[in-house]
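Written below as structure tokens is the structure these notes are about.
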Amino acid sequence: MKKHTHTPENHSTKEASVSDLTTVELLWLEKRIENRVRFGRFVSEKVVDHNRRALSFAPGSILAFVRWTSNDFGTVLSRIDILRAAIPGRSYSTVPWITPGGESLLRLSGWPKVERVLQLIDGVEALRIDPADAAPDYWHHVHNRLSVNETPRPYTRSRHQVWLHRRRVTS
């Protein structure tokens, strides 16, 4: 992943311009490639054809991008990235299929780790919390723990309340 800095443009409003959006290209080729967004709130969608779409996300929004590729011999790639969409004026990492990129909160490869992250996302949703609203530090924690084959702590309502309070106090 390369680090870049998004150059801000002058805008007369606080709304994100099209150039500020982070675009994720989705592709589905049966039994070959699946690029999908597991969670995140997109602000626009463009259908390219039957197999391809593009979703755009506002600066700073959080999303999970899952990539899976196989060939005649089985799976060749399983990867999940949880990112904060690029924010004008801040550095970001590049990720294949995502333009321009985002701040990496979690990046894991290999089906066992990807599957475990998907289970943890399900756990956040079981609390009736949108994973896009969960504390970004939690996704860092999950990345760090799974990277060294340790068990991450589950997300809890109290952890979420602390995050919401911290966000209110610092904004």
Worksheet item: Using helices alone, what [θ] at 222 nm do you get for the chain, with -39,500 (n - 2.57) per DSSP H run of 4 or more residues, divided over all residues and rounded to the nearest 500?
Response: -8000 deg cm²/dmol
Practice prompt. Using a cut-off of 14 Å between beta-carbons, work out the net charge of the residues near E150 (Lys and Arg +1, Asp and Glu -1, E150 not included).
Written response: +4
Item to complete: Report, to the nearest whole %, how much of the accessible area of the chain belongs to carbon and sulfur atoms, 1.4 Å probe, protein only.
Response: 51
Practice prompt. For the range 40-149, count the residues as N, evaluate 2.2 N^0.38 Å, and divide the Cα radius of gyration by that value, please.
Written response: 1.11
Worksheet item: Rolling a 1.4 angstrom probe over the protein heavy atoms, how many square angstrom per residue are accessible across the chain?
Response: 59
Worksheet item: So how do H165, H160 rank on accessible area, 1.4 Å probe, biggest first, that is with the largest at the start?
Response: H165, H160
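The values are calculated or read from the model by the stated rules, or taken from the named source; none is laboratory data. Worth saying up front: this structure is predicted, and the values here are computed from it rather than measured. Every residue, glycine among them, receives a Cβ derived from its backbone with ideal geometry; neighbour counts consider all protein chains shown. In case anyone asks, the SASA skips ligands and DNA or RNA and just uses the protein heavy atoms, side chains included. Shrake-Rupley method; radii C 1.70, N 1.55, O 1.52, S 1.80 Å.
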